[in-house]
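The values are calculated or read from the model by the stated rules, or taken from the named source; none is laboratory data. Quick caveat, the model's predicted, so the values are computed rather than measured. Every residue, glycine as well, gets a Cβ built from its backbone with ideal geometry; the counts of neighbours run over all protein chains shown. Only protein heavy atoms, including side chains, enter the accessible area calculation; ligands, DNA and RNA are left aside. Shrake-Rupley method; radii C 1.70, N 1.55, O 1.52, S 1.80 Å.
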Amino acid sequence: MFISFEGTEGVGKTTLITQLYEHFLQQGLDVVLTREPGGTPLAEQIRGLLLSVEHQEPISNDTELLLMYAARAQHLQNFILPALSAGKVVLCDRFIDASFAYQCAGRGLSRDKLQMLNQHFVSHRPEITFWLDAPIELGMARARARGELDRFEQEKMEFFARVRAGYAEIHQQEPERMKRLDASQNAAQVFAQALSQLALARS
């Protein structure tokens with residue numbers, strides 16, 4: 001099974017992924033954790049470029065999108081697909097929905113560009129996606145409490161409002177795959193929501 005986790009900054013994805021990882025281990029399943037951008041040594045180097053705030057020149061929106069997909073192609077071919085072929089459960093912090101939410105809804109890039117990249121470079125998609133949804137102000141307060149903000153986390157509130165709306169659009173279009181979790185609740189409550197959705201998906 002391939003499960004992805006989505007949401008704006010500070011919504012608790014890392015906490016939920018860790019909880020579900022432990023849950024699957026206790027069930028005796030072979031489970032792996034990964035993230036995007038990143039997941040392989042080369043993709044992690046690309047992640048460093050995307051998140052750094054120390055560039056001497058701005059990263060254009062098109063460059064950002066292409067770097068995301070360069071990392072994704074590497075990640076998919078060298079980590080995700082081999083893990084799935086080996087019968088593992090793959091838990092991934094962000095996947096293709098993040099590109100729609102951040103680069104299309106957030107940055108305003110054409111959906112046609114994203115569809116072309118998905119058509120040519122994404123051969124497998126998650127069976128379940130958990131969208132952790134919380135008010136932008138709450139998420140950003142949590143993100144700031146973690147420490148120094150990366151290049152994405154330094155965006156303005158209006159940007160994250162567009163990103164959140166992008167996730168809401170995907171949820172509306174694909175409710176069977178994308179499950180909304182109320183991430184304004186505490187970690188235990190969010191975990192309970194996720195387990196409930198998993199049980200429904202398996203029934």
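Couple of notes before you dig in:
- Residue 16 vs. criteria in a helix (DSSP H, G or I), among the aliphatic types (A, V, I, L, M) and either modelled with pLDDT under 95 or within 13 Å of the chain's Cα centre (by Cα) (or both): yes
- Being open to solvent by 80 Å² or more (accessible area, probe 1.4 Å) and free of Cβ contacts under 8 Å to residues at least 24 places away in the same chain holds for only one residue in 193, 189, 154, and it is 189.
- Test: residue in segment 159-168 that is surrounded by fewer than 19 Cβ atoms within 10 Å (Cβ to Cβ) and modelled with pLDDT of 95 or more: yes
- Residue match in segment 118-139 (condition: among the charged types (D, E, K, R), part of a helix (DSSP H, G or I) and open to solvent by less than 40 Å² (accessible area, probe 1.4 Å)): no
- Qualifying residue in segment 62-80 (condition: more than 17 Å from the chain's Cα centre (by Cα) and more than 22 Å from residue 154 (Cβ to Cβ)): yes
- Single residue of segment 9-35 satisfying the filter (in contact with a Gly (Cβ under 7 Å, 6 or more places away or on another chain) and acidic (Asp, Glu)) that is nearest to residue 102 (Cα to Cα): 9
- Among the numbered conditions (1) of a type outside the set (S, T, N, Q); (2) over 17 Å from the mean Cα position of the chain (by Cα); (3) at pLDDT 90 or above; (4) within 26 Å of residue 52 (Cα to Cα), the only one that residue 122 does not meet is (2).
- Residue match in segment 84-92 (condition: open to solvent by less than 30 Å² (accessible area, probe 1.4 Å), part of a helix (DSSP H, G or I), closer than 29 Å to residue 31 by Cα and touching a residue at least 24 places away in the same chain (Cβ under 8 Å)): no
- Count of residues meeting criterion [at pLDDT below 95, surrounded by 16 or more Cβ atoms within 10 Å (Cβ to Cβ) and in contact with an Asp or Glu (Cβ under 9 Å, 6 or more places away or on another chain)] in segment 38-79: 2
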